[in-house]
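First up is the structure itself, then whatever we jot down about it.
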Amino acid sequence: MIIHKIDEILYRLENCIVYKKPFSHIRFGDGGIKFLHSLFYTDLTQLAIICRKEGFPLDKCVTIAELWGYYARRADYIDTPQVYFDNEFWPRTRGPEKPITEKTLERLLMWPDLYYRAEFDNDSYCNPESNYLMLLRRDGQKNILDLMKGRKVAMITACPSVQYRIKEHGYIVDAIQIVGHYQNQYDNSFDKVVKIIKDRSTHYDLWLVAAGELGRAYSGIIKETGGRAIDIGFVAEFWIGKPLHSRLELYLNRSQTNPLELKLTDEGLKFAEYI
């Protein structure tokens, strides 16, 4: 199995921006794994919890899973949790000295079965933390902010104030607002966002998607309609000043020279060659 490094992904993305080719990067993470497991193994209690938080009705779960499969098959990169089990990347934890639960570990180890059932059929893999790793400032390598500089960028997010925070650092982004967790995104935002994407996908050089489980579909639609999408997830919240998740704090720190960027800690540097 090949897990593509960040510089490979960004090189391909930049080429697609320059030559106006479609592109999508879709991360499912442990949240996606839990959704697929709940659906395929009929864990209705867990499924109801996910639906309530992510804002889509139970009777749309199969439709959403089918959309995931359709767009995953066509994505340039999808993530795999296998990186956590190959000793070439830091382990998946809840925080320093806090291992993940046995239940979550069991689900992550089932990823090949779940991806097969979901018909993802794409072995162009990336790291689940690739959204954060794209913020790293490393000698001789570009990060996602370098690719944003001077370009037209749209961001789908529940934190529209992010556009003003990053504008202070010279990046111009149009925020397309969605409702947040527990606010019924499917009914209140989904159709509106899909229409905006279809109308304006090629108007922007790059789309940044921070929209939870429904965001996987947005990223796929952006590519299908000629645009380029990166799934940034909680990077949007990091950019408005919120701290990194505790699972990352041992390995990554906010840069002191640019608060939108990250740097590897001494512990994180042990894995630099695999990033």
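Some points to look at:
- Cα-centre dipole for the chain with unit charges at Cβ (Lys and Arg positive, Asp and Glu negative), debye to 20: 800 debye
- Charged side chains reduced to their Cβ positions (Lys and Arg at +1, Asp and Glu at -1) give segment 116-275 a dipole of some 480 debye around its Cα centre.
- In order through segment 201-210: 3J(HN,Hα) via Karplus (6.51 cos²θ - 1.76 cosθ + 1.60), integer Hz, x for Gly, Pro: 4, 8, 6, 10, 6, 8, 10, 10, 10, 10
- Measuring between alpha carbons in the structure, the pairs from K152/K270; K34/K198; K142/K167; K21/K195 lying more than 31 angstrom apart are K152/K270.
- Segment 27-126: C-alpha gyration tensor shape, a/c 1.5 cut-off, then a/b vs b/c: oblate
- Computed [θ] at 222 nm, deg cm²/dmol, the chain (DSSP H ≥ 4; -39,500 (n - 2.57); rounded to nearest 500): -11500 deg cm²/dmol
- Shape class of the chain from the alpha-carbon gyration tensor: rounded, with the ratio a/c of largest to smallest axis under 1.5.
- Modelled FRET efficiency - R0 25 Å, N184 with L105, Cβ distances, 0.05 increments: 0.20
- Residue-wise HN-Hα couplings along segment 232-249, as the Karplus relation 6.51 cos²θ - 1.76 cosθ + 1.60 with θ = phi - 60° gives them from phi, are 8, x, 6, 4, 4, 6, 4, 5, 8, x, 6, x, 4, 4, 4, 5, 9, 5 Hz; Gly and Pro carry x.
- Per-pair calculated FRET efficiency, R0 = 41 Å: T42 and R200 via Cβ, rounded to 0.05: 0.55
- Relative contact order, whole percent, for the chain stands at 27, derived from Cα pairs under 8 Å and 6 or more residues apart.
- Taking a ≥ b ≥ c as the square roots of the Cα gyration tensor eigenvalues, segment 130-274 comes out prolate, since a/c reaches at least 1.5 and a/b is larger than b/c.
- Check: segment 27-126 dipole with +1 on Lys, Arg Cβ and -1 on Asp, Glu Cβ, in debye: 400 debye
- Cα-projected label distance for S161 with E267, points at 7 Å along beta-carbon direction, nm: 3.0 nm
- Pairwise centroid distance, computed over Cα atoms, of segment 204-275 with segment 1-71, Å: 15 Å
- By DSSP, the beta bridges lying fully in the chain are antiparallel in about 20 percent of cases.
Any read-out appearing in this document is the output of simple, stated calculations on the displayed coordinates, not a laboratory observation. Nothing here was measured: the structure is a model prediction, and the numbers come from that model. Counting neighbours? That spans all protein chains shown, and the Cβs are built from the backbone with ideal geometry, glycine included.
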